[in-house]
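Here, each number is a calculation from the coordinates, and none is a lab measurement. All of these numbers come straight from a predicted model, not from anything done at the bench. Cβ placement follows ideal geometry from the backbone for every residue including glycine, while neighbour counts extend to all protein chains displayed.
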Amino acid sequence: MQKQRVKTSMSVPEMGKMLGLGKVESYWLVKKNYFKTIQVAGRMRVMLDSFEDWYACQFHYKKVDGTPPGEKWSILRCQFRKWRIFWG
C-alpha cells in the first residue's frame, strides 16, 4: 500500500490563480517576502503553511474559492484585549 503524498508547496502561478492575480502581482507578493519560498529545480515554490498563515492574517487579498481572509485577526484582537485589561 502506497502512502498519499501531501502537498506542501505550490507554484507562484498556482498561488496567483488562487488569489485571482496576474503574473506581475503574484511575483510582487513573493518579492515582498510575505511567505516562505523555496527553489526546486530552478523554479520558485511557495510553502503552503506560510501562505495560509499570511492569508489568515490579512484582509486585502481574497481567494477565488470564497474562503474569507483574516481568520487569525479576531484571535489576535482578543489576545490584545486580554493584555490591555491585564496591564490596565
**Report entry** Summed side-chain charge close to Lys36 - residues other than Lys36 whose Cβ falls under 12 Å, Lys, Arg +1, Asp, Glu -1
**Finding:** -2
**Report entry** Most to least packed among 10-22, 27-39 [average Cβ atoms within 10 Å]
**Finding:** 10-22, 27-39
**Report entry** Cross-link pairs beyond the 22 Å C-alpha cut-off, checked among Lys7/Lys63; Lys3/Lys72; Lys23/Lys63
**Finding:** Lys3/Lys72
Report task. List every residue whose amide H lies under 5 Å from the amide H of Lys36, counting only residues 5 or more places away in sequence or on a different chain, with H placed 1.01 Å from N in the peptide plane. Result -> Met47, Ser50, Phe51
Report task. Grab the Cα-Cα distance for Lys72 and Glu52, subtract it from 0.36 nm times how many residues apart they are, and report the gain in nm with one decimal. Result -> 6.2 nm
Query raised in the report: Taking K and R as +1 and D and E as -1, what net charge do the other residues with C-beta under 15 Å from the C-beta of Leu21 add up to?
Result: +3
Query raised in the report: What list of ³J(HN,Hα) values in whole Hz, one per residue of region 21-34 in order, does the Karplus curve 6.51 cos²θ - 1.76 cosθ + 1.60 (θ = phi - 60°) give from phi, with Gly and Pro shown as x?
Result: 10, x, 4, 5, 5, 4, 6, 5, 4, 5, 4, 6, 6, 6
Query raised in the report: Counting only residues 5 or more places away or on other chains, whose amide H sits under 5 Å from the amide H of Ser11 once H atoms are built in the peptide plane?
Result: Val46
